[in-house]
């Protein structure tokens, strides 16, 4: 799997991240050193208007997910859940073009 590996150093922490992405799928595992905090992100595009994102932190067992559906260029619906704060949410975005 061809992808991109990045390293970020800040305040004595090193974060290593690998990102694989194609037209329909993104996989992003990351680890922070020296804490060994491991997380995993997954993004899937089912159709051009339907997307699902998922993130999981192995150290805390916290996770979040977001589903996004677009209706043409002017309407977007998003719904998600965050386990850390135990909160589900939904939003509707409407774009208005004025000439």
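Please go through segment 62-94 and pick out each residue that is surrounded by 14 or more Cβ atoms within 10 Å (Cβ to Cβ) and out of contact with any strand residue (DSSP E or B) (no Cβ under 7 Å at 6 or more places or on another chain).
Scanning segment 62-94 gives a single hit, 62.
Restricting to segment 1-21, name every residue that is in a loop (DSSP other than H, G, I, E, B) and under 23 Å from residue 64 (Cβ atoms).
3
Among the residues of segment 26-39 satisfying the criterion of being in a strand (DSSP E or B) and exposed (fewer than 15 other Cβ atoms within 10 Å of the Cβ), which is modelled with the highest pLDDT?
38
Could you figure out which of (1) at pLDDT 95 or above; (2) over 17 Å from the mean Cα position of the chain (by Cα) isn't true of residue 96?
(1)
The values are calculated or read from the model by the stated rules, or taken from the named source; none is laboratory data. Owing to the predicted nature of the structure, the values given are computational and were not obtained by experimental measurement. So basically every Cβ, Gly included, is an ideal-geometry build from the backbone, and we count neighbours across all protein chains shown.
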